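Structure first, commentary second.
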Amino acid sequence: MKITISNTAPSQIETECLVVSVVDAAGESKNGDKPKPAPQLQTDDKAVNDAAADLIASGEVTGKMLETTLLHKPAGLKAKRLLLIGGGKAKSFSSYELRKLAGAALRNLKTKNLKSFVIVAPNLASGVPDAVKSIVEGAYVGSFEPNYYQSDREDKQIDELVIAARGNARALNTAAARGRIIGEAQNFTRDLANEPSNKMTPTVMGERAKKMSDEVGLQCEVYGPDKLHELKMGAFWSVSQGSDEEPRLIVMRYEPKNARKKPVLGLVGKGITFDTGGISIKPAEGMEKMKYDMAGGAAMIGAMRAIAQLKPNVRVIGIVCASENMPSGKAQKPGDIQIAMSGKSIEVINTDAEGRLVLADGLHYAKQLGATHLIDAATLTGAVVVALGFVNAGIFSNSDDFCEQFTQSLKKSGEKMWRMPVDDEYREMLKSNIADMMNVGGRWGGAVTAAMFLKEFVGDTPWIHLDIAGVAWMEDQKPWIAKGPSGVPVRSLVEFVQDLASKK
Ligand code: BES
Ligand code: ZN
Ligand code: ZN
């Protein structure tokens, strides 16, 4: 997608379609009645306001979130069409709404076979450059389609996006470039997560990470079973041992020349390319979804890609534990004892709680490679979906400070996450008669006990665990995004690393 900034007045730009956002500036009602909508176009171009005047007067346009109104041959404009799209309440209109609005505009217009459009950047409280960045991110989110393997797949894509914005040209172009890097990284991740398990084996995942690393200048090593044995990654290997596909330990390193020694951020992702449950096998219904059990790993690969391109001045190590979880004559069985790389012993009660096993070794290894701070992302538990549904990812952390810093970045990324507890009391649920711990904690609080298990392997290192089981896959399509992989939490990780680098 070609993206350019134009400082020409929107009414004077020749285009297939001019997209303008509309917000509802109605105040609070005084007598309890619903206030009448007060739609307001997000441009001060008089000709555009005039062209939309009749529509607004008719009451058809209210500014309601993602309400769309298309006008052909708008009077006084050089554009062939005018698309008005709602951004919700004026007061709360922010990059969060704008991203969705831009994605919805793109998805709306591409189904009409348009190849290009112009969108006016609104004057957000966070600044026009932030508006430009959000539009670009939203456009990338909207452009992704998961229907790779349909033989009659039509190539309905927007080739060119023009953003009408006034201000410092350099700042606007930088914002657009950042939006592009982040949007492309998110789609790179969605691309990996979208592939079925026969196309995205651990080996393929390693190859894709390596190829990407070579392209953007990251160091990358991809290891197989021998390295797992050499490192004594007994927990990771126990998951892989039942599969005919070899596991891959993917290690990506971003080491900017003049970066401070500390912090070193370790990003660790669960890369289960298919989770059958193993011997504790899952029911058939819905099992096909377990192809996206590598979404956490895919997010780390995508985040590393953006980091390499944005070049923040902080060191980052990305680790992905890629494996299948299969039943077979070689598979681990309930009751088996595994010794993790850290030396801790684990009684594997349920072979379907495999994500925590691979992450136990991934987190320990990240520390050994020098990570001073850790973030992991994993489609770890069904229980987090019970707790938070498909809206928020779960955040678990052993450090209030580190967690607070991370949640600040969520305001920029617009990804929703909610902090969950990791009190010591929960640790009891993992007690084993025979080993240091069991790999499951029983029926209640399943997302928390999974986090408690990981906590055993991070020690005192500040750590954040993101359980993305409910948010990594869009169960339904939305106006701004297709059904399928979401790419969460790529944007948050990238914003966080940039914030980390800009701190003294
Ligand atoms: N990959 C699953 C978790 C999952 C569930 C991801 C739904 C995406 C959507 C994980 O490996 C798993 O099977 N967890 C078990 C743990 C249980 C055995 C303690 C679960 O949540 O049921
Ligand atoms: Zn599982
Ligand atoms: Zn799993």
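The values are calculated or read from the model by the stated rules, or taken from the named source; none is laboratory data. From a predicted model like this one, the values you see are computed outputs, not experimental measurements. When we count neighbours, we look across all protein chains shown, and the Cβ atoms used for this are built from the backbone with ideal geometry, even at glycine. Just so you know, the surface numbers come from the protein's heavy atoms only, side chains and all, with ligands and any DNA or RNA stripped out. Shrake-Rupley method; radii C 1.70, N 1.55, O 1.52, S 1.80 Å.
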task: Tell me, yes or no, whether segment 339-352 has at least one residue that is within 16 Å of ligand 3 (Cβ to nearest atom) and among the small types (Gly, Ala, Ser).
output: no
message: Looking at segment 292-303, can you tell me whether even one residue there is open to solvent by 10 Å² or more (accessible area, probe 1.4 Å), within 13 Å of ligand 3 (Cβ to nearest atom) and under 23 Å from the mean Cα position of the chain (by Cα)?
response: yes
task: Scan segment 259-269 and give yes if some residue there is within 16 Å of ligand 1 (Cβ to nearest atom) and touching a residue at least 60 places away in the same chain (Cβ under 8 Å), otherwise no.
output: yes
- request: Would you point out which residue out of LYS34, LYS78 is modelled with pLDDT under 95, open to solvent by 40 Å² or more (accessible area, probe 1.4 Å), farther than 22 Å from PRO129 by Cβ and of a type in the set (Lys, Arg)?
  value: LYS34
- prompt: Within segment 463-494, which residues are surrounded by fewer than 20 Cβ atoms within 10 Å (Cβ to Cβ) and in contact with an Asp or Glu (Cβ under 8 Å, 6 or more places away or on another chain)?
  reply: LYS483
field: Entirely in segment 37-151, the strands (runs of 3 or more DSSP E) that have 1 or more residues that are of a type in the set (Val, Ile, Thr) and free of Cβ contacts under 8 Å to residues at least 60 places away in the same chain
entry: 68-72
query: Are there any pairs, at least 6 apart or on different chains, whose C-beta atoms fall under 8 Å, with the first in segment 421-436 and closer than 18 Å to ASP400 by Cβ and the second among the polar types (S, T, N, Q) and at pLDDT 95 or above, and if so, which?
result: VAL422/SER397; VAL422/ASN398; TYR426/THR449
query: Restricting segment 350-373 to residues that are more than 10 Å from ligand 2 (Cβ to nearest atom) and outside any helix (DSSP H, G or I), which is nearest to the chain's Cα centre (by Cα)?
result: HIS373
- request: Check segment 429-437 and report whether any residue there is open to solvent by 50 Å² or more (accessible area, probe 1.4 Å), at pLDDT 95 or above and part of a helix (DSSP H, G or I).
  value: yes
message: Given (1) part of a helix (DSSP H, G or I); (2) within 30 Å of LEU106 (Cα to Cα); (3) open to solvent by 20 Å² or more (accessible area, probe 1.4 Å), identify the lone condition not met by GLY183.
response: (3)
query: Taking segment 152-173, which residues are within 20 Å of ALA9 (Cα to Cα), part of a loop (DSSP other than H, G, I, E, B) and open to solvent by less than 40 Å² (accessible area, probe 1.4 Å)?
result: ALA165
task: For ASP424, state whether it is away from ligand 3 (no atom under 16 Å from the Cβ), closer than 17 Å to ALA353 by Cα and of a type outside the set (A, V, I, L, M).
output: no
- request: Take the residues in segment 324-349 that are among the hydroxyl-bearing types (Ser, Thr, Tyr) and more than 31 Å from the chain's Cα centre (by Cα), then tell me which one is farthest from LEU369 (Cα to Cα).
  value: SER328
query: When you go through SER21, SER29, SER11 one by one, which is the residue that is of a type in the set (Gly, Ala, Ser) and either part of a loop (DSSP other than H, G, I, E, B) or open to solvent by 50 Å² or more (accessible area, probe 1.4 Å) (or both)?
result: SER29
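So that you can scan it fast, the table gives a plain yes or no per residue for (1) out of contact with any His (no Cβ under 9 Å at 6 or more places or on another chain); (2) in a helix (DSSP H, G or I); (3) β-branched (Val, Ile, Thr):
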site: PRO421; (1), (2), (3): yes, no, no
site: ARG427; (1), (2), (3): yes, yes, no
site: GLY442; (1), (2), (3): yes, no, no
site: VAL448; (1), (2), (3): yes, yes, yes
site: MET452; (1), (2), (3): yes, yes, no
site: LEU466; (1), (2), (3): yes, no, no
site: VAL488; (1), (2), (3): yes, no, yes
query: Can you tell me which residue in segment 374-390 is farthest from ligand 3 (Cβ to nearest atom), limited to those that are within 14 Å of the chain's Cα centre (by Cα), of a type outside the set (A, V, I, L, M) and open to solvent by less than 20 Å² (accessible area, probe 1.4 Å)?
result: ASP376
- prompt: Is there a residue being crowded, with 23+ Cβ neighbours inside 10 Å, under 22 Å from GLY302 (Cβ atoms) and within 16 Å of ligand 2 (Cβ to nearest atom) anywhere in segment 324-345?
  reply: yes
query: Of all residues in segment 238-264, which are in a strand (DSSP E or B), of a type in the set (A, V, I, L, M, F, W, C) and either surrounded by fewer than 24 Cβ atoms within 10 Å (Cβ to Cβ) or within 16 Å of ligand 2 (Cβ to nearest atom) (or both)?
result: VAL251, VAL264
task: Among the residues of segment 346-377, write down those that are more than 10 Å from ligand 1 (Cβ to nearest atom) and either of a type in the set (Gly, Ala, Ser) or free of Cβ contacts under 8 Å to residues at least 40 places away in the same chain (or both).
output: ALA360, GLY362, ALA366, GLN368, GLY370, ALA371, ALA377
